[in-house]
Amino acid sequence: MWKYSKKLMDHFMNPRNSGQLLNPDCHSEVGSLQCGDAMTLDIQVDDEDRIGEIRFMTFGCAAAIASASALTEIAKGKTLEEALAISNDQIVEFLGGMPEEKYHCSVMGHEALSLAVEDFRHRRDSTAEYLEDILREKPDELTAAVGDGSISIEHIHPSRVGVRLSGVDESLVISILEKELQQRTGKTVKVRVTR
Amino acid sequence: MKVYLDNNATTRIAQEVLDAMLPYLTERFGNPSSFHSFGSDLMEDIEAAREKVAVLLGAHAEEIVFTSGGTESDNMALISATAINPLKPGLVASTVEHPAVLETAEYIKSKGYPVGLSEVNGDGTLNMNSLERLISEQTGLVSIMMANNETGVIMPVEKVARIAHEAGALFHTDAVQAASKIPVDVRSSGIDLLSISAHKFHGPKGVGALFIRKGIDIPPFMLGGYQENGMRAGTYNTAGIVGLGVAAELATAHLSEENCGTELLLEKLENGILEKCPGAFIVGADVERLPNTATVLFRGVESEAVMTLLDLEGICVSSGSACSTVEESSSYVLAAMGIDPVDANTALRFSLSRYTTGREIDYVLEVLPPIVEKLRDISPYANR
């Protein structure tokens, strides 16, 4: 048996934030070739880019499971940028140390987080592109609804966007935009009006 | 409750064995090779032990050479037997042999001699076509284990012995796991050399034996003394040899009992696991295995995590894999069988002994399923 700290054993036996999210804003899957471990991350991100809900699944040893649990605890509430700076030393320290042979288990979390952030940015960029396309292409329905008014993009998030509207029927424009986004992204994207 | 189910790693010493050994660690400390009777009288006890080992294997006493254990016996058999005839320096073994054989084979190969490793089938049995293809005129020794330590799968030694003899080669078998668990008869099986180790059947650690069939003249392996007719130099490990003798005697008696017990307990364990643990798969389920060994894939959950939680509940099992940067990460035996690497990392080995009880198996079947379920709940591979 490996010599594990009390805290590591606690995170192994009672993992925090384990499981999956129904509609995550981003998701990642990583596997370690070295020891065959694997991990997934589901994250929900708020409008300030802060990590809200975060869930992990791990196939691996006690140190791998505890490292994933620790990572989610450290990452919660941090902005994505801040979370990317979490090092595996920080995870090891958080868990009260671990045998040197097990350090590689803590590396997987960082990799999963980087990929999840990459996924978030990718999803956000594609949502932005779709919205820009819609505004540029101006489907007949939208042209009619906007009339002499105007629409501009204020905020983009993979699952919700903020737009500034003036001189238009807000609820009509919102429903048109939501329908178009649904068609193009295949997912539900909420449209909100910022003032 | 402490439940020890890692008997293929080592076993508890039998009380009868310990009682028999103790005098040789205290007042009977003489050197059996001495001239004076204080030492030389002990030779009788060595010979009595030799007779008991011979009975367990169906051999003659003079065919038994005492060694320091299975590893030395395997080393000696391979290195000495391939050195008999310079025209036949080749060795054929299998990919699932114990490292004591595999690494010695690697050493023989490094000396420039032909070495071939036969493949195994998906169920862990020996691939006879592969074996026969590897045997050539240059093959001086074929070495195939009697049963595999990880899977418990029993190999067809009689058949292999015949094939080896037809090619003019000798046949060695590593019976470290098989001896005491299934009947062994070197005569009817055509075995020329056979390795055993005492601590695998309730004897002490650090002592074993090599059976060398009468008429086979192999060079000695350990040099520096005339013990064992010059076949194995080194002061007699009197207490160990006496212990091995008693352990062999107990094993012989146990094998002749009608119901060995471990077979029924193993069946109960396997059935219970299959019933209560989703994703469980018994390796080599449909082929002949040792009555004490089961390797189970708990697909979806990593074996070390399960072992860690079982250990906290007092249950000792083992896995062929290790999640570590210093060790080979997964079992070469399961890999040789073509088992997917991710599944191989879920393998746990349960190995029983004649001291294992039904209550212990009940306890394992109570503790294990919730552990597997808990880990499956957080595993991305649970429904792979």
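The values are calculated or read from the model by the stated rules, or taken from the named source; none is laboratory data. Only a predicted model underlies this, so the values are computations on that prediction, with no experimental measurement involved. Cβ atoms come from the backbone with ideal geometry, glycine included; neighbour counts cover every protein chain shown. We work out accessible area using only protein heavy atoms, side chains counted, and drop any ligands, DNA or RNA first. Shrake-Rupley method; radii C 1.70, N 1.55, O 1.52, S 1.80 Å.
Overview of values
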{"item": "In range of the label at A:Ser114: residues from the stretch A:75-104 whose backbone nitrogen is under 13 Å from the point 7 Å along Cα→Cβ", "result": "A:84-88"}
{"item": "Degrees separating the helix A:62-75 axis from the principal Cα axis of chain A, which is the longest one", "result": "40"}
{"item": "Chain B: relative contact order as a whole-number percent, Cα under 8 Å and 6+ apart", "result": "22"}
{"item": "Antiparallel bridges, percent of DSSP beta bridges restricted to the stretch B:15-255 (to nearest 5)", "result": "40"}
{"item": "Rounded to 10°, Cα long-axis angle of helix A:103-137 versus longest principal axis of chain A", "result": "0"}
{"item": "Too-long pairs where the Cα-Cα distance tops 20 Å, listed order kept, from B:Lys88/B:Lys109; B:Lys109/B:Lys200; B:Lys181/B:Lys276; B:Lys52/B:Lys200", "result": "B:Lys109/B:Lys200; B:Lys181/B:Lys276"}
{"item": "Rounded tilt (10° steps) of B:42-57 against the dominant C-alpha axis of chain B", "result": "50"}
{"item": "Accessible surface of the stretch B:259-377 [probe 1.4 Å, protein heavy atoms]: carbon and sulfur percent", "result": "47"}
{"item": "Rg ratio (alpha-carbon, reference 2.2 N^0.38 Å) - the protein assembly as shown", "result": "1.31"}
{"item": "Accessible area (Å², per residue) of the stretch A:1-154, counting only protein heavy atoms and a probe of 1.4 Å", "result": "46"}
{"item": "Reachable lysines from A:Lys187, criterion Cα separation under 17 angstrom, eight or more residues apart if same chain", "result": "A:Lys179"}
{"item": "Protein accessible surface hidden between A and B, which excludes ligands and nucleic acids, total in Å², probe 1.4 Å", "result": "2000"}
{"item": "R0 of 56 Å, Cβ-Cβ distance A:Leu22-B:Leu255: FRET efficiency to nearest 0.05", "result": "0.40"}
{"item": "Gyration tensor verdict on the stretch B:113-216 (Cα atoms; rounded if a/c is under 1.5, prolate if a/b is larger than b/c, oblate otherwise)", "result": "oblate"}
{"item": "The stretch B:331-384: C-alpha gyration tensor shape, a/c 1.5 cut-off, then a/b vs b/c", "result": "oblate"}
{"item": "Rg/Rg_globular for the stretch B:32-129, with Rg_globular taken as 2.2 N^0.38 Å and Rg from C-alpha atoms", "result": "1.44"}
{"item": "Helix-derived mean residue ellipticity, 222 nm - over the protein assembly as shown, DSSP H n ≥ 4, -39500 (n - 2.57), to 500", "result": "-13000 deg cm²/dmol"}
{"item": "Length gained when the stretch B:Gln138-B:Lys276 is fully extended (0.36 nm per residue, less Cα-Cα span)", "result": "44.5 nm"}
{"item": "Quotient of Cα Rg and 2.2 N^0.38 Å for the stretch B:259-377, N being how many residues it contains", "result": "1.02"}
{"item": "Calculated on alpha-carbon atoms, Rg and Dmax of the stretch A:138-193 in Å", "result": "10.7, 30"}
{"item": "Å² of accessible area per residue within the stretch B:18-79, as computed with a 1.4 Å probe and no ligands counted", "result": "45"}
{"item": "Fraction of accessible area attributable to carbon and sulfur, the stretch A:138-193 (%, probe 1.4 Å)", "result": "47"}
{"item": "Distance (nanometres) between label positions extended 7 Å along Cα→Cβ at B:Ser33 and B:Arg162", "result": "4.3"}
{"item": "Simple label model, 7 Å out from Cα along Cβ direction - A:Lys7 to A:Arg136, nm", "result": "5.1"}
{"item": "Fraction of antiparallel bridges per DSSP, the protein assembly as shown only, in percent to nearest 5", "result": "65"}
{"item": "GluC sites (Glu not before Pro) restricted to the stretch B:1-69 and DSSP loop, no more than 14 other C-beta within 10 Å", "result": "B:Glu27"}
{"item": "Long-range HN-HN contacts of B:Val153 with modeled amide H, under 5 Å", "result": "B:Asn148, B:Leu290"}
{"item": "Counting DSSP beta bridges with both ends in the stretch A:138-193, the antiparallel % (nearest 5)", "result": "65"}
{"item": "Approximate spin-label separation A:Lys78-A:Gln182, in nm, with each point projected 7 Å along Cα-to-Cβ", "result": "3.7"}
{"item": "In Hz, Karplus ³J(HN,Hα) per residue of the stretch B:354-364 (6.51, -1.76, 1.60; θ = phi - 60°; x = Gly, Pro)", "result": "5, 8, 5, 10, x, 5, 5, 5, 4, 4, 4"}
{"item": "For B:Ser118, distant residues with modelled amide H under 5 Å away", "result": "B:Ala93, B:Ser94, B:Thr95"}
{"item": "Under the Debye formula (equal points on every Cα, no solvent term), log10 I(q)/I(0) of chain A at q = 0.14 Å⁻¹", "result": "-0.77"}
{"item": "Compactness of the stretch A:6-122, expressed as Rg and Dmax over alpha-carbon positions, Å", "result": "12.9, 40"}
{"item": "Pairwise centroid distance, computed over Cα atoms, of the stretch B:82-96 with the stretch B:342-384, Å", "result": "40"}
{"item": "Cα shape, chain B, gyration tensor, a/c 1.5 rule", "result": "oblate"}
